[in-house]
4 protein chains.
Amino acid sequence: MLEKFRFLTAGESHGKCLTAIIDGLPANLEIDIEFINSELKRRQQGYGRGGRMKIESDTVEITSGVRFGKTLGSPLTLVIYNKDFENWSKIMSVNSEDETSEKSFTAYRPGHADYAGSIKYNQKDLRNILERSSARGTAAEVAVGAVAKLLLKHYGITWNSNIIQIGQGKTEEEFHSEIDKAKEAGDTLGGKFEVIFENLPVGLGSHVQWDRKLDGKIAQAVMSIPAVKSVSFGNGQHGYKIPGSEFHDQMYAENGKTIRKTNNAGGVEGGMTNGEPLVVKAVMKPIPTLKTPLNTVDSSDMTETTAHFERSDTCAVEACAVVAEARIACVLANEIMLNNPCDFV
Amino acid sequence: MLEKFRFLTAGESHGKCLTAIIDGLPANLEIDIEFINSELKRRQQGYGRGGRMKIESDTVEITSGVRFGKTLGSPLTLVIYNKDFENWSKIMSVNSEDETSEKSFTAYRPGHADYAGSIKYNQKDLRNILERSSARGTAAEVAVGAVAKLLLKHYGITWNSNIIQIGQGKTEEEFHSEIDKAKEAGDTLGGKFEVIFENLPVGLGSHVQWDRKLDGKIAQAVMSIPAVKSVSFGNGQHGYKIPGSEFHDQMYAENGKTIRKTNNAGGVEGGMTNGEPLVVKAVMKPIPTLKTPLNTVDSSDMTETTAHFERSDTCAVEACAVVAEARIACVLANEIMLNNPCDFV
Amino acid sequence: MLEKFRFLTAGESHGKCLTAIIDGLPANLEIDIEFINSELKRRQQGYGRGGRMKIESDTVEITSGVRFGKTLGSPLTLVIYNKDFENWSKIMSVNSEDETSEKSFTAYRPGHADYAGSIKYNQKDLRNILERSSARGTAAEVAVGAVAKLLLKHYGITWNSNIIQIGQGKTEEEFHSEIDKAKEAGDTLGGKFEVIFENLPVGLGSHVQWDRKLDGKIAQAVMSIPAVKSVSFGNGQHGYKIPGSEFHDQMYAENGKTIRKTNNAGGVEGGMTNGEPLVVKAVMKPIPTLKTPLNTVDSSDMTETTAHFERSDTCAVEACAVVAEARIACVLANEIMLNNPCDFV
Amino acid sequence: MLEKFRFLTAGESHGKCLTAIIDGLPANLEIDIEFINSELKRRQQGYGRGGRMKIESDTVEITSGVRFGKTLGSPLTLVIYNKDFENWSKIMSVNSEDETSEKSFTAYRPGHADYAGSIKYNQKDLRNILERSSARGTAAEVAVGAVAKLLLKHYGITWNSNIIQIGQGKTEEEFHSEIDKAKEAGDTLGGKFEVIFENLPVGLGSHVQWDRKLDGKIAQAVMSIPAVKSVSFGNGQHGYKIPGSEFHDQMYAENGKTIRKTNNAGGVEGGMTNGEPLVVKAVMKPIPTLKTPLNTVDSSDMTETTAHFERSDTCAVEACAVVAEARIACVLANEIMLNNPCDFV
């Protein structure tokens, strides 16, 4: 649980807006709205995105917690309006008198929350699950993460992310051709990416109890992104085939400081930052909404059918990396807020 | 945060005992102490373990929360005494008058918590970090997990785990020869393993908020195991190279139920169990304590040296899988406790 | 910590709006917006309220979590716009270019958060503290509580509240005359009130760990209302002068059930509901903003002065009781969500 | 939720021992075991205590988290053995083969957890509820609070507590005569007491979100003590009859600092410490186990009977005040750990 820097997000994919409340920010932090908007834009870009991303251009409105450009220490509210809500205002209406079956569907989409969600929450119209489980909701998280990044920036922390592989492609050129091929085939692709944070203080997280370990907290934050199915630190995914003599990041003395020549640990030892760059790698599965639809079952009569298709993307790995950056920034912002001289007396 | 089924563990590696308190168990659950002890034994076994594991034979004492073989609903305390404490009673004494520098050390061990922990908690004697960051502490977690498993067993849930790869080895025979070679070289090995839970109800976890997603909670639980550096669900680690048409687990109708022929998602869609086996894969890095020691720095004078070596293991992947099973069982026990008819009205 | 039914609120007193996100609601719960608005109206009423309450007429907008009149199980967002924001849009602007000293002040108001808040959050303009610590924020909590009440209503739970004493007044007529006198004197009054919930299931809360006790959770919820300084259960505030033989609620058998003839315990024994009405009593201190201002210190030059006065109320006990009802409803809604057959197996 | 300084306690009243694990302590804090034991002794004393308190003399054993007299930053385990366990080892046995009905009972004791607890946890033998709901468990909390006090002491914070009223008695002499009379009548008495902490930093807690308010957290901690039914700050319980002009603690300038001449707020304004002494008042109800037993119902056959009597105390208000001190110390220790320069940047 995020205790000092915590947040809740809300909002349906085609509802009026997405909302996030961040509680626990320090006061006097400069809030650069253009920066938040630029992060939202980064989430919408990337080779392989479909039509919806082009229509929308997300911007944030702040309705609390900031005055004259600086945080008050009070909860900060972020609102991102859905640009096409006017087309959905009846379909997504709050009011019972507007009830309609337009845009409802009953065929489970494999790879989505439809099946489990409709059982858990007892829903017949699978749209009632789709609307919250959609990747659209990550826009709110990117906005929250942008605020977290403003806090990290204050402490001199920097970050970036890179795509490592998409399909068989390992360079930008190859990424594009892989995506082009998939698009032509009516198929989709996932990808592998890395997120890096630098200049972190030593000792964020702790080794003393499992739920204080930074790697665990980051793994939760990244694995809970829709479509992420694998999370690793540094060279961790290869740790089963590299012997200890090569894997561990040996230490050397230089000008009275310790240095390392490798970073297989990805900047975390014993559940704490060790001063090396924090390197988190993740795999995004391919987008489960395909033009060439998947076999499935219609929940209304338990007959076989194919899955519902909405205009969608071929590949969204760049966006996913932006979301992962945002999520990790939130974990780090909380750790920064919790990290203090009181850890020893 | 585990709210209904939660626990804290405590204890130093060479202290008097490890202790765990579990809060939030149901009442009337039968507690089979032999089962808990057999789980502790599983953690101590496996090809490649060193001397210490052979000396010890962990058993648990329950000092609260159970009466006449059944839980009371009150907190359950588990105590595991360290068998060789008599040799360490002065070195690990609680009392200031026993202070001694015996067994103290100042050369950071790469791959361990020593460096970050000593800075965070302002310790000169690195034993003060080693003692809590040691893998010894996972014994308490295995005991807690065994209690969680007794709860899962009550609901008909089953589990098992398998080693997938160690070094280049992919079969049991090859595991052993890889370990033998590493041992001879004074080196260590990690490994890749999977943990599987079956017969879980559909809908554990939720898609509605990032910190309710089951995959995130499990990723945290497994990634926070010392030495685990990578966590994946199902075939997730390969999700970057398999197109959507092949990756997603298509659904078919059979006797009025949905079935699947694949389980690439590892039993989790939309942050919820989907009725398929839960398959979690993880990579353990090689043990960082090597007979052929690593280069490092002595914190007392910032000179280069080699890392402290204590009698240790060559490979502990089997134990790590047991710990992962235990950790996942705790997450699932909490979800079972939280899962109820109130999710819809 | 509220784990299943949890929420965050946000918003400055003169900002654009108040916002609340509720996470953890069940699906399919009917949301009666008129009921929420009627609760907001109750908060604004009561003998002794000043001008601002008359101007405003709060209504809620729901922007997520509800479709066609029913909850989706996803987070519900409540927005209450501040009706006079147009007069404050520059003074409370988010943008740094609008910075102004209009409406800023530096004289600490005794009884408010000004002094401690400005030190903690390093603020010179005390408005930066006033805006979040104002009682205005309780409107969001009343809206959240109204949603909680809709859940409780589903389970047949009922509630009401009563004013017990204001000044020396013990009847409605006397309340009014006390308030009239105070108003004339430029003074303010607090009051004592009770909140009652009936038809609660037996066993909400638990005796097994301090932070699971229902009375503790309710005490936190009520004591954290601005101006509440005392919370009691049943006849608890007199428990020091009534002997055990008279205080405890003896039990009798009637038609195969247990009954009680008294309810000094206020419906809670051992940290759990015992089937009797839940009776919570609280004391609200007098409103600290007086027409006849209090002595204080100006933080800008540390000279003595008198406290800043904004148009205010003479007595707001009725509103405070509505807020307390809402807060307790939230605690109970969470307990209902946590309470399930899994407590024993 | 205690995030930095958190703990769980465990143990049955007649079990082998009470156990507490504290997680989140700083490193290098000196742990004075004699101080912890003296606090345990204070809990056992006071005029009006019965036989059991005289038999026992609680002492604590620390089994983790401390080395050579100082904390390691790792979880600290406290164990308090029950001195008369040998007489109860069969009755409270963990093993099913020892099952016995000795000391079992089925008549609900009014004022205790028996009724609600047995329904919630589905228990026939009410001893299975009594054992955890007994006030015995507060010994573990006093030990935890003693460790918290050692942390507070490090920051120069001091504390004390006073009995205000018992029955009609308002002086120590009168307390004794009231207790003597009650004892003679086979009756019991509660009492009103206050706990005071001084030299606290300004700004512990926060006004920004309800669950960050210090008064709420303290109210929860104190109200969850068995037998406490009323909690107030400063002169809060009289706040309904004192007008604003007299209640609020006006501020004056003295040597460039603000001073106050009253402390009706009890040191908390806006949910934060304001630099004045923290004054918490509470009412303990009379002990519900009376020599002249209360009417009740036998759960085995739903017939009327009288409540089970175990050797007990006439009045335990002094002990209750010690427990309240301990509980508040835990809340404050957590706030101290959370309080840091990061609250503003």
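Values for this structure:
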| quantity | calculated |
| --- | --- |
| Failed item, numbered, when D:Ser224 is tested on (1) over 19 Å from the mean Cα position of the chain (by Cα); (2) within 7 Å of chain C (Cβ to nearest Cβ); (3) among the hydroxyl-bearing types (Ser, Thr, Tyr) | (1) |
| Residues (of a type outside the set (Lys, Arg), in a loop (DSSP other than H, G, I, E, B) and surrounded by fewer than 24 Cβ atoms within 10 Å (Cβ to Cβ)) located in the stretch A:233-248 | A:Asn235, A:Ile242, A:Pro243 |
| Top-ranked residue of the stretch B:176-185 - restricted to ones that are more than 8 Å from chain A (Cβ to nearest Cβ) and either open to solvent by less than 20 Å² (accessible area, probe 1.4 Å) or among the acidic types (Asp, Glu) (or both), ranked as farthest from B:Gln237 (Cα to Cα) | B:Glu184 |
| Residue among A:Lys149, A:Lys90, A:Lys153, A:Lys120 that is out of contact with any strand residue (DSSP E or B) (no Cβ under 6 Å at 6 or more places or on another chain) and touching a residue at least 24 places away in the same chain (Cβ under 8 Å) | A:Lys149 |
| First in the stretch D:126-139 and polar (S, T, N, Q), second anywhere and outside any helix (DSSP H, G or I) and surrounded by 24 or more Cβ atoms within 10 Å (Cβ to Cβ), Cβ under 6 Å, 6 or more apart | D:Asn128/B:Leu72; D:Ser133/C:His207; D:Ser133/C:Gly270; D:Ser133/D:Ala113 |
| Failed item, numbered, when A:Leu8 is tested on (1) out of contact with any Asp or Glu (no Cβ under 7 Å at 6 or more places or on another chain); (2) modelled with pLDDT of 95 or more | (1) |
| Lone qualifier among C:Ala107, C:Ala148 - being within 22 Å of C:Ser224 (Cα to Cα) and within 14 Å of chain D (Cβ to nearest Cβ) | C:Ala148 |
| Verdict on C:Ile21 being within 14 Å of chain D (Cβ to nearest Cβ) and open to solvent by less than 10 Å² (accessible area, probe 1.4 Å) | yes |
| Residue among A:Ile31, A:Ile80 that alone is hydrophobic (A, V, I, L, M, F, W, C), closer than 28 Å to C:Arg6 by Cα and under 20 Å from the mean Cα position of the chain (by Cα) | A:Ile80 |
| Residues located in the stretch A:93-114, provided they are surrounded by 17 or more Cβ atoms within 10 Å (Cβ to Cβ) and free of Cβ contacts under 8 Å to residues at least 24 places away in the same chain | A:Ser93, A:Val94, A:Ala113, A:Asp114 |
| Which listed residue, of D:Ala324, D:Ala282, D:Ala316, is out of contact with any strand residue (DSSP E or B) (no Cβ under 6 Å at 6 or more places or on another chain) and under 22 Å from D:Pro226 (Cα atoms) | D:Ala316 |
| Sole residue being over 21 Å from the mean Cα position of the chain (by Cα) and more than 11 Å from every other protein chain (Cβ to nearest Cβ), chosen from B:Ser118, B:Ser89 | B:Ser89 |
| The stretch D:164-174: number of residues that are more than 9 Å from chain C (Cβ to nearest Cβ) and either aliphatic (A, V, I, L, M) or open to solvent by less than 20 Å² (accessible area, probe 1.4 Å) (or both) | 1 |
| Enumeration of residues in the stretch C:115-155 that are farther than 15 Å from C:Ile328 by Cα and either open to solvent by 40 Å² or more (accessible area, probe 1.4 Å) or of a type in the set (Phe, Trp, Tyr) (or both) | C:Tyr115, C:Ile119, C:Tyr121, C:Asn122, C:Lys124, C:Ala135, C:His154, C:Tyr155 |
| Enumeration of residues in the stretch D:187-232 that are within 20 Å of C:Asn264 (Cβ to Cβ), open to solvent by 10 Å² or more (accessible area, probe 1.4 Å) and out of contact with any strand residue (DSSP E or B) (no Cβ under 8 Å at 6 or more places or on another chain) | D:Asp187, D:Pro226 |
| Within the stretch A:225-256, tally of residues that are free of Cβ contacts under 8 Å to residues at least 40 places away in the same chain and more than 18 Å from B:Ile166 (Cα to Cα) | 8 |
| Tally of residues being outside any helix (DSSP H, G or I) and either open to solvent by less than 20 Å² (accessible area, probe 1.4 Å) or of a type in the set (S, T, N, Q) (or both) across the stretch D:32-47 | 1 |
| Filter result (farther than 20 Å from B:Asn128 by Cα and assigned to a strand (DSSP E or B)) within the stretch A:197-225 | A:Phe197, A:Glu198 |
| When residues of the stretch C:63-86 are limited to those that are free of Cβ contacts under 8 Å to residues at least 40 places away in the same chain and more than 10 Å from chain A (Cβ to nearest Cβ), the one least open to solvent (accessible area, probe 1.4 Å) | C:Lys83 |
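The values are calculated or read from the model by the stated rules, or taken from the named source; none is laboratory data. None of the values given here were measured: they were computed from a predicted structure. Positions of Cβ are backbone-derived with ideal geometry, glycine not excepted, and every protein chain shown enters the neighbour counts. These area figures cover heavy atoms from the full protein model, side chains too; ligands, DNA and RNA do not enter into them. Shrake-Rupley method; radii C 1.70, N 1.55, O 1.52, S 1.80 Å.
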